[in-house]
């Protein structure tokens, strides 16, 4: 018998050039070319969605002019100046009926505010959105908003951009992950096109859509957001969307303390707002009528409130600007805050089509203006500015309801240009985020899909397997058979070594050059052919992993080649060990242990100082001396 046993002794590699390893330069070049291709597609989607955003804004204005003023025009219009009297109540109802019919006969997916639906498709359906959403969502949203619905245009355009990116990804031969990137790129490019906030849009993708931070996803999304912002400047102008008519002074330390406390209050309010919205939605679910009629029922509330306070109707971006500038009377801000919330919550709970960001910004900004005015009346020397209070509360409301922490801060800076607000924004949004995290399991973006059993990632930690090299966990001892050994000879040898505890073996030729791997199950499955040589059992092309590769890259290679073990090569292309799934799982458990084990490495005790270092305990007693 010419069976050999390898106990960690390197076997020279003459077939190294034919092996596929996890760190192939050709593979890296191919991946980079693929990344450029996806980035190019993302830019093309962003260009298209920029023009769709302009079309949506024109369509909203057109429907508003038709519904409230009886004229066919795409000129910017608001329902505020209408003279319809009580007839104004019927307009949101009519819009709700049309949206309900579109959802019934077109697609039910047009209901809602867009981001949760996109998240659900990413998490459960390989980022596949029906192509019909590309045109049904903007049209239904334009009808809903144009007929007085208290929503923003950002939600529909985010949903439309995501649908467009997903559709492109379904037409082309690309992977599920690449389709997810195109979906996120289209969605966030739409946000950048509406608000001119590319950096906030990038972080929105990270925090709410991609659930990762890597070059292969960030590069296409960043280019798409830049393109969307360029589209905003070209189609809408270069001024901030919420341009405040004065520069807000930097906050003092006392004011920062007040804003932090304000953030706690806004955090509590964001929890209440989220729970009330879904409480109303639950109420609609119990109505003894078909869901198609729910938007019309919600339209009744929108119309009645709009009759008493017309500024609650429509997008209301001008309301946000007026609140931030401090141009509105205190009593009006209070009524706008309350009535806008009631109108929006009922309309959203009814399942109509529209966005949540603009209403949340209005409610948060108005609440901040109220709190800022109260603080100044009670503590004139606190240094609080009403405009700053409105700005930071606006962002804190978004941070608390969505837990898109970084997005909220950067969005407020980009859309107002008030960079003196950075520290107050950080203080207020942090406080609101903390309160929301501890008091609310899901957010306004994730509650709906969580009820359907969809788990949304809530942390973006470093990949444990990316931090560990293969050579750190591989087995340095293994068994090697020669290719001309028969199955009978191999099994006979294994029966003499009952303690080998291996189910995979390296196969070499007579000179020790690596040929492949066979498993114990393969050997025993061929007992009816005892004289068959071992090299006839090798079905896979030779694959191996380098010792300095990460465990993540090794797993990817094992999955792509459908193998359970990999030989490990040195830089000199010699076999130095074997990597198996057992090694990987053991390493993963060790990595989890770092997160879960709680023990001090330096502990102070009453009788002295205890030092723990590198697993060795050193005790030094301190004796008190007079």
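Brief remarks on what is shown
- The simple Förster model, with R0 at 35 Å and r as the Cβ-Cβ distance, assigns residue 300 and residue 442 a FRET efficiency of 0.75.
- Residue 128-residue 233 pseudo-label distance in nm [points 7 Å out on the Cα-to-Cβ vector]: 4.0
- Inter-label distance for residue 524 and residue 87, nm, one decimal - labels placed 7 Å from Cα along Cα-to-Cβ: 8.5
- Per-residue Cβ neighbour rank within 10 angstrom, fewest leading, 508, 362, 456: 456, 508, 362
- Straightening the chain between residue 94 and residue 331 buys 82.2 nm, computed as 0.36 nm per residue apart minus the Cα-Cα spacing.
- Between residue 104 and residue 286, the simple spin-label model (points 7 angstrom out along Cα→Cβ) gives 2.4 nm.
- FRET efficiency, residue 272 to residue 585 (Cβ-Cβ, R0 41 Å, nearest 0.05): 0.40
- Within segment 254-283: backbone nitrogen closer than 18 Å to the residue 434 label point (7 Å, Cα to C-beta): 254-271
- Residue exposure sequence - 117, 488, 495 - by fewest surrounding Cβ within 10 Å: 495, 488, 117
- If the chain linking residue 213 and residue 570 were pulled fully straight, counting 0.36 nm for each residue of separation and taking away their Cα-Cα distance, it would gain 125.4 nm.
- Counting neighbouring Cβ atoms within 10 Å and putting the fewest first, the residues 293, 344 line up as 293, 344.
- From most to least packed by mean Cβ count within 10 Å, the peptides 441-449, 311-319 give 311-319, 441-449.
- FRET efficiency, residue 450 to residue 476 (Cβ-Cβ, R0 41 Å, nearest 0.05): 0.35
Read the figures in this text as sums done on the coordinates, not as results from a lab. In this text, all values refer to a predicted model and were calculated from it rather than measured experimentally. Glycine also receives a Cβ, built like all others from the backbone with ideal geometry; neighbour counts cover every protein chain displayed.
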